[in-house]
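Encoded as structure tokens, the structure appears first; notes follow it.
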Amino acid sequence: MRSFFKIFLASFLALLVFALVGILIIFAIVASVTSDNKPYIGSKGILVVDLTKEYKEQKSESPLNTLRGNPDENVPGLYDVVRMIAFAKSDSSIKGIYIKSDDNANGFAASEELRNALADFKKSKKFIIAFGDVISQKAYYVASVADRLYCNPKGTVDWRGLESTLFFLKGTLEKLEIEPQIFYAGKFKSATEPLRAYQMTEPNRLQTSVYLNDLYSRILLSAAEKSELDTGRLHKLANTGLVQTASEAVRFHLIDGLRYDDEVKSEIIKNIKIGRDDKINFISLGKYAKAVDFTPNGGGRIAIIYAEGEITDGKGKDGVIGSDEYRNLIRKVRLDKNIKAIVFRVNSPGGSALASEEIWREISIAKKEKPVVVSFGDVAASGGYYISCNADSIFAEPNTITGSIGVFGIIPNMKKFFNNKLGITFDGVKTGPFADMPSASRPLNTAEKQFIQNSIDTIYTTFKSRVAEGRKLSLSVVDSIAQGRVWTGQRAVQIGLVDKLGNINDAVACAARMSNQKEYTLREYPEKRNFIEDLLKNYKEDVKAETIKEEIGEEQYNILQQMKNIKSMIAVPQARLPFELSIR
């Protein structure tokens, strides 16, 4: 017995010591994360803009990066990046910008904002150098603004034009004997095409061709500025495949030269006049964000509400616009007397029609009490446009994807799949002929199909009326530009869906003018959680996502997410874009 107690006490003591050490480590991490000490950035700094990182609307601070000792890997939000580049113009510690331009993880509108911010930085007469081993077209679009753009001598510059490919599941569903009973309003509403067609319908092919060429024209214009070739010549280079190597890209003046990484670094060393063997003071955007105060401060307050992701009913989660959360958030900002105006930043392909209506309602109420200005990001379409259409003013980038005013619903009939593939049958009792509607275990009858189509048509009519009211257009005009059709921001201005071309800075300036504020402080929502809250909420999800991506690859992971999206759409009327806008 004495031996047992000795072992028990020793084990208990070891466990207690282990727990105390663990607690001390956690407190040390929290103390380092929450410390107000700003990192020292030194002199002769080179700000690094890495295009391979996705700059979402709000900063992405992964607890994993902090636990691994890599807080600089946390990625600032897009507006943070734009403001930091502007701040760096007059920051004597920053001597230039280095753009990593192998690829570009950002959308076309975000790329436009980055490019414009970099073009403005050049007014300071500080240098911008861009370099990539394999430069994609979207990376080129941003990097071409640099004073000097270099490529690895054995690398490539992609110059082929843009393409968009959809994958279609109709044949797969037929083999599985699953009937996707589909209901939609709007002849261009292509979100259900992968389930009901073997290839693109002509209306969808038309709208895709138009907006793809609109996006491509922006790339051609940027290349024309760089190469001093006209856009027609540049288009011909892509169509004839004359740019296959980095050397050919130099020949046609798409880039400024061929360099290896060490040669680019040597040029930077020469520019900032340090010793040949001295280390270049590269400063990540994550570190710079913690080191400098780049946000305005003074006067009244303007709220920026970021709405990024799909629109869902209920509370939602990170990266999703939940109707309950955003309804309460907009209401909170509306009732705050210190906040004089609202900027609603929308980057969403849409989602639940009912959730979109609820958010639209709250924006409409807020508009009666203080100015509401909307700024569109990469995508503000279908439900994303629904929640925005009643604002006082709407800004978009020329290559924002917007419109898609239409509605659809999906109810699968899986009777034959269950019966013939799995051997499962169903039977039950109901008090009326429609009590089990909708059901995946049987097909809808004629009356039920009519019920659902009527519901879709009613939602579509409401959607169009919201647009007509908010944009001060007649219903007939809205009907002619609706039909589920996708538009670029440039065309959206021409047809009245958007007021002005501009970025989030322009939207903030507009909100300041409308609320008569020359000086203001920005309050950003949703408010960021502290480290412990973030760790408890996101650690498990981060690890799970990283593990799955590592096992099956990024592309397969994206397909998996699309399949999950399909499941979430079943039996819920949707105001949203096609499953995935894949453009490369």
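For segment 110-127, residues that are in contact with a Lys or Arg (Cβ under 9 Å, 6 or more places away or on another chain), surrounded by fewer than 21 Cβ atoms within 10 Å (Cβ to Cβ) and of a type in the set (A, V, I, L, M, F, W, C) total 1.
Applying the selection to segment 220-235, what residues are acidic (Asp, Glu) and farther than 15 Å from Ala130 by Cβ? Before you say what the answer is, go through the steps one by one.
So in segment 220-235, the residues acidic (Asp, Glu) come out as 225, 228, 230.
Result: Glu228, Asp230.
Residue count for segment 276-319 under the criterion of being of a type in the set (A, V, I, L, M, F, W, C) and either crowded, with 20+ Cβ neighbours inside 10 Å or without any contact (Cβ under 8 Å) to a residue 24 or more places away in the chain (or both): the result is 9.
When Ala139, Ala130 are screened for being farther than 30 Å from Leu206 by Cα and surrounded by 17 or more Cβ atoms within 10 Å (Cβ to Cβ), only Ala130 passes.
On the stretch given as segment 430-471, residues that are within 24 Å of Glu179 (Cβ to Cβ) and under 28 Å from the mean Cα position of the chain (by Cα) total 3. Is it the case, given these coordinates, that Asn516 is within 20 Å of Phe344 (Cα to Cα), among the polar types (S, T, N, Q) and outside the structural domain of Gln207 (by TED's automatic domain parsing)? Judged against the criteria, Asn516 is a match. As for segment 293-304, it holds at least one residue that is at pLDDT below 95 and among the hydrophobic types (A, V, I, L, M, F, W, C). Flag: Phe395 matches the condition of being at pLDDT 95 or above, surrounded by 17 or more Cβ atoms within 10 Å (Cβ to Cβ), within 23 Å of Leu577 (Cα to Cα) and assigned by TED's automatic domain parsing to the domain that holds Ser348.
Listed by position, the helices (runs of 4 or more DSSP H) contained in segment 34-121 that have at least 1 residues being at pLDDT 95 or above and within 27 Å of Tyr211 (Cβ to Cβ) are 78-89, 108-121.
If you go through segment 227-239 one residue at a time, do you hit one that is part of a loop (DSSP other than H, G, I, E, B) and without any contact (Cβ under 8 Å) to a residue 24 or more places away in the chain?
Filtering segment 227-239 down to residues part of a loop (DSSP other than H, G, I, E, B) leaves 228-230.
Filter once more, so that each one left must be without any contact (Cβ under 8 Å) to a residue 24 or more places away in the chain: 230.
Looking for residues that are part of a loop (DSSP other than H, G, I, E, B) and without any contact (Cβ under 8 Å) to a residue 24 or more places away in the chain, one finds at least one in segment 227-239, hence yes.
Candidates in segment 175-196 are the residues that are at pLDDT 90 or above and part of a loop (DSSP other than H, G, I, E, B); of these, the one that is farthest from the chain's Cα centre (by Cα) is Glu177. Checking each residue in segment 142-178 for being more than 26 Å from Thr208 (Cα to Cα) and either assigned by TED's automatic domain parsing to the domain that holds Ser455 or surrounded by fewer than 18 Cβ atoms within 10 Å (Cβ to Cβ) (or both) picks out Asp147, Arg148, Pro153, Lys154, Glu174, Lys175, Leu176, Glu177.
The values are calculated or read from the model by the stated rules, or taken from the named source; none is laboratory data. The structure displayed is predicted, hence computed values, not measured ones. All Cβ positions, glycine included, derive from the backbone under ideal geometry; neighbour counts span all protein chains shown.
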